[in-house]
Amino acid sequence: MTRLFCISTLFAAIALGGCANLQSNELKFVAVPGAPKAVGPYSQGVVSNGMLFTAGYTPRDPVTGKLIEGDMVAATNRVIDYLEAVLLGAGCSLTDVVKVTVYMTDLADFAKMNEAMAAKFGSHKPARTTIQVEKIPGGATITMDFIARVPPQ
């Protein structure tokens, strides 16, 4: 019985050790040209322990710095495009997104944001929180950030 216990314990230790190698405590900072550069002391995205955490993005043109023109559908699409660029830079796609946080200045635009998200995500339905806030930097009406799993490379 003791021998069986020792062998079982050894196999469990080897298996757990192998799993531990799949996770890394090292941080990987993601910087991609397809999304606006960070304008402060933050990163476009950070990978830690197999998860990607993105910065929040607004529908601002990365060259001019001005908000794009259009309705909430256009604004949401632009924000998701930026976030998708960060996802791709970390080896992810929209189907890897597990959590979306949306901040809006007017929940009257919720249906349009929802419409744009449904079109972009298709059948993939990550968890989401939507919060109305008084102001978003730069006068934007929406900002979003993602948490995504990073698939094994």
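The values are calculated or read from the model by the stated rules, or taken from the named source; none is laboratory data. Remember, predicted model here, so these are calculated numbers, not experimental data. Methodologically, a virtual Cβ is constructed for each residue, glycine included, from the backbone with ideal geometry; neighbour enumeration extends over all protein chains shown.
Worth pointing out:
- When the range 6-29 is filtered for residues that are at pLDDT 90 or above and surrounded by 10 or more Cβ atoms within 10 Å (Cβ to Cβ), the ones remaining, listed by number, are LEU27, LYS28, PHE29.
- Residue within the range 96-105 that is more than 18 Å from ARG149 (Cβ to Cβ), acidic (Asp, Glu) and modelled with pLDDT of 95 or more present: no
- Members of the range 30-61 found to be part of a loop (DSSP other than H, G, I, E, B), surrounded by 13 or more Cβ atoms within 10 Å (Cβ to Cβ), of a type in the set (A, V, I, L, M) and free of Cβ contacts under 8 Å to residues at least 40 places away in the same chain, listed by number: ALA38
- Counted residues, the range 80-118 - those being of a type in the set (A, V, I, L, M, F, W, C), more than 19 Å from SER48 (Cα to Cα) and without any contact (Cβ under 8 Å) to a residue 40 or more places away in the chain: 6
- Pairs meeting the criteria (first residue in the range 63-76 and closer than 15 Å to MET104 by Cα, second residue part of a loop (DSSP other than H, G, I, E, B), beta carbons under 7 Å, at least 6 apart or on different chains) are LEU67/PRO59; LEU67/ALA140; MET72/THR141; ALA74/ILE68; ALA75/PRO59; ALA75/ILE68; ALA75/THR141.
- Checking ILE147 against (1) without any contact (Cβ under 8 Å) to a residue 24 or more places away in the chain; (2) part of a strand (DSSP E or B); (3) β-branched (Val, Ile, Thr), the condition it does not meet: (1)
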